[in-house]
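A.B. asks: There's a structure below that I have some questions on.
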Amino acid sequence: MHDVLIVGAGPAGSMAALRLARLGFSVALLEKDTFPRIKTCGDLVTLEGLGLLEDAGLGEWLETCRRVDGLRFSSPDGQVLDIAVCDSASEARNRILPREYLDAQLAQAAMRAGAGLFEGCRVQEVQMGDDAVRLTTSRGEFTGRMLLLADGSHAPITRKLGLLREAPDLMAARQYLHCPGVDPLGPLEFHFQREILPGYTWLFPQGEYGFNLGCGTYTARVNRKELDLAAVLEAFKRHDPILAGRLAGAEAIGPIRAHPLRTHVGGTRSHAFRIMVLGDAAGLVSPFTGEGITSGMISGALAVRFASDAFASGDFSAAALAPYTQALKQRFAGDHNAAYVLRSTLRDPRLLDHFFRVMAADADLARTFALAYLDEVSPQLLLHPRNLVKLLQKR
Ligand SMILES: Cc1cc2nc3c(=O)[nH]c(=O)nc-3n(C[C@H](O)[C@H](O)[C@H](O)COP(=O)(O)OP(=O)(O)OC[C@H]3O[C@@H](n4cnc5c(N)ncnc54)[C@H](O)[C@@H]3O)c2cc1C
């Protein structure tokens, strides 16, 4: 019998496992894959997430991964904005952390802290008893007093328990590339191509790890076959004028992979008797940027707080765990709501072209826009009347 069973060793599950183990709880972290495993991602980790990883003891490894000091954006009509996000390269903060290594590092850190890590362990069935939770897995049975579900955006176990209310709203795809002749430490690039709005195509140079090229948009557009994300990436590599042939000699390191994202905090019931839902399964990906590593880890840390309270009081009821859902809403709902407004506004290419013209003449506004993409300022700031007046001025 464990105190806590955790399904999924992505950033959310591993962060929760690590912090619970540090507090002395017995934890089983159950992961269907075996590390190092491939995870479809853009690999950008924002400042707050880096702080959590440092606290997890990964500081030394973080130092080996590239820092981000500038962003490049392009508009549907081809305007390019280069924006420095810090005054010197040594102050650069956000980092590119390839998920194959990040997730393995974090799961190992959880194990070092005392959590039991069970790889190749697919959770298949859940039985909720009055006193315990029993899981049937490909590696046998596990019982625990609490269950944390960090099973990602496919969320098979969260779904099985009837906690999912909605389907994922975004879909994104990425491919790793070798790009001879392209600066591996260049700026992170975000290209708002007309056909993919309100999403974007990214090109993230990853230092020694090559390049991460990807794009994302509404799942509904992909499902309606309006848009083929792989075709968008292939066409971008070959023809995009913004790239001006920079990817002509690119060699693929592996296939294009796509994965859904959930951005609606209320789209999952994130607590129930003895249960909390974390990360992507709880709809914590930013609707504005598609980033969810940091929010997943934050939810892991929050869940630990409420799990500790439940063990202290001996009350594992849904009512006792409801403050976890309130804490998620308090932390994320304001930013997500602002992001939905921005996302639907940025769907219009003419408006986006106009915003770029305004930002080209207003360095402060451009920097705010860039920092919102790094999650260093809230997207709510872009909707502040001061900025709205600027964005809507005639150019
Ligand atoms: C193309 C793309 C690009 C992205 N780019 C970025 C980015 O640059 N920065 C950013 O912050 N976010 C990005 N994201 C989002 C980010 O990948 C997720 O938000 C993040 O992985 C969420 O972490 P998680 O721990 O909730 O879920 P996951 O990382 O998905 O982990 C869930 C884990 O659960 C395991 N699992 C599932 N079912 C079972 C089961 N039945 N039994 C046992 N284990 C199970 C899975 O194998 C997996 O390891 C991107 C997403 C996509 C699709």
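The values are calculated or read from the model by the stated rules, or taken from the named source; none is laboratory data. For clarity, every value in this text was computed on a predicted model and none was experimentally measured. Here the Cβ positions follow ideal geometry from the backbone for every residue, glycine too, while neighbour counts run over all protein chains shown. All accessible areas refer to the heavy atoms of the entire protein, side chains included, with ligands and DNA or RNA removed. Shrake-Rupley method; radii C 1.70, N 1.55, O 1.52, S 1.80 Å.
A.B. asks: Going by the structure shown, is residue 86 of a type in the set (A, V, I, L, M, F, W, C) and within 11 Å of the ligand (Cβ to nearest atom)?
C.D. replies: no
A.B. asks: Identify, by number, the condition in (1) hydrophobic (A, V, I, L, M, F, W, C); (2) farther than 22 Å from residue 171 by Cβ; (3) within 9 Å of the ligand (Cβ to nearest atom) that residue 4 doesn't meet.
C.D. replies: (3)
A.B. asks: Starting from residues that are among the β-branched types (Val, Ile, Thr), open to solvent by less than 40 Å² (accessible area, probe 1.4 Å) and not in a loop (DSSP other than H, G, I, E, B), keep the ones in the stretch 256-274 and report whichever is modelled with the lowest pLDDT.
C.D. replies: Among them, the one singled out is 265.
A.B. asks: Under the condition of being out of contact with any strand residue (DSSP E or B) (no Cβ under 8 Å at 6 or more places or on another chain) and assigned to a loop (DSSP other than H, G, I, E, B), which residue from the stretch 192-230 is surrounded by the fewest Cβ atoms within 10 Å (Cβ to Cβ)?
C.D. replies: 225
A.B. asks: Select from the stretch 291-316 the residues that are more than 20 Å from residue 8 (Cα to Cα) and part of a loop (DSSP other than H, G, I, E, B) and list them in ascending order.
C.D. replies: Listed by number, the residues that qualify are 314, 315, 316.
A.B. asks: Please work out which residue is nearest to the ligand (Cβ to nearest atom), limiting yourself to the stretch 18-30 and to residues that are more than 15 Å from residue 102 (Cα to Cα), buried (at least 18 other Cβ atoms within 10 Å of the Cβ) and hydrophobic (A, V, I, L, M, F, W, C).
C.D. replies: 30
A.B. asks: Return the total of residues in the stretch 253-296 being on the phi > 0 side of the Ramachandran plot and either of a type in the set (Asp, Glu) or more than 8 Å from the ligand (Cβ to nearest atom) (or both).
C.D. replies: Residues that pass the stated criteria total 3.
A.B. asks: Within the set of pairs 6 or more residues apart or between chains, which connect a residue that is without any contact (Cβ under 8 Å) to a residue 24 or more places away in the chain and polar (S, T, N, Q) inside the stretch 354-381 to a residue that is part of a helix (DSSP H, G or I) and open to solvent by 20 Å² or more (accessible area, probe 1.4 Å) with Cβ atoms less than 7 Å apart?
C.D. replies: Filtered contacts from the stretch 354-381: 368/381.
A.B. asks: Inspect all residues belonging to the stretch 54-62 and state whether any of them is in contact (Cβ under 8 Å) with a residue 40 or more places away in the chain, out of contact with any Gly (no Cβ under 8 Å at 6 or more places or on another chain), more than 13 Å from the ligand (Cβ to nearest atom) and at positive phi.
C.D. replies: Yes - at least one qualifying residue is present in the stretch 54-62.
A.B. asks: A follow-up question, please. How about the stretch 227-255: which of its residues are within 21 Å of the chain's Cα centre (by Cα) and over 22 Å from residue 72 (Cβ atoms)?
C.D. replies: 230, 255 - these are the residues of the stretch 227-255 that are within 21 Å of the chain's Cα centre (by Cα) and over 22 Å from residue 72 (Cβ atoms).
A.B. asks: Given the conditions (1) outside any loop (DSSP other than H, G, I, E, B); (2) modelled with pLDDT of 95 or more; (3) open to solvent by 40 Å² or more (accessible area, probe 1.4 Å), which single one is not true for residue 33?
C.D. replies: Failed condition: (1).
A.B. asks: Please work out which residue is surrounded by the most Cβ atoms within 10 Å (Cβ to Cβ), limiting yourself to the stretch 291-309 and to residues that are touching a strand residue (DSSP E or B) at 6+ places or on another chain (Cβ under 7 Å) and within 16 Å of residue 17 (Cα to Cα).
C.D. replies: Among residues in the stretch 291-309 that are touching a strand residue (DSSP E or B) at 6+ places or on another chain (Cβ under 7 Å) and within 16 Å of residue 17 (Cα to Cα), the one surrounded by the most Cβ atoms within 10 Å (Cβ to Cβ) is 303.
A.B. asks: Give the residue, chosen from 135, 117, 148, 62, that is under 20 Å from the mean Cα position of the chain (by Cα), at pLDDT 95 or above and of a type outside the set (Val, Ile, Thr).
C.D. replies: 148
A.B. asks: Residues of the stretch 157-199 being within 11 Å of the ligand (Cβ to nearest atom) and free of Cβ contacts under 8 Å to residues at least 24 places away in the same chain, which ones?
C.D. replies: 159
A.B. asks: Filter the strands (runs of 3 or more DSSP E) completely within the stretch 49-164 down to those with at least 3 residues that are open to solvent by 70 Å² or more (accessible area, probe 1.4 Å).
C.D. replies: 123-128
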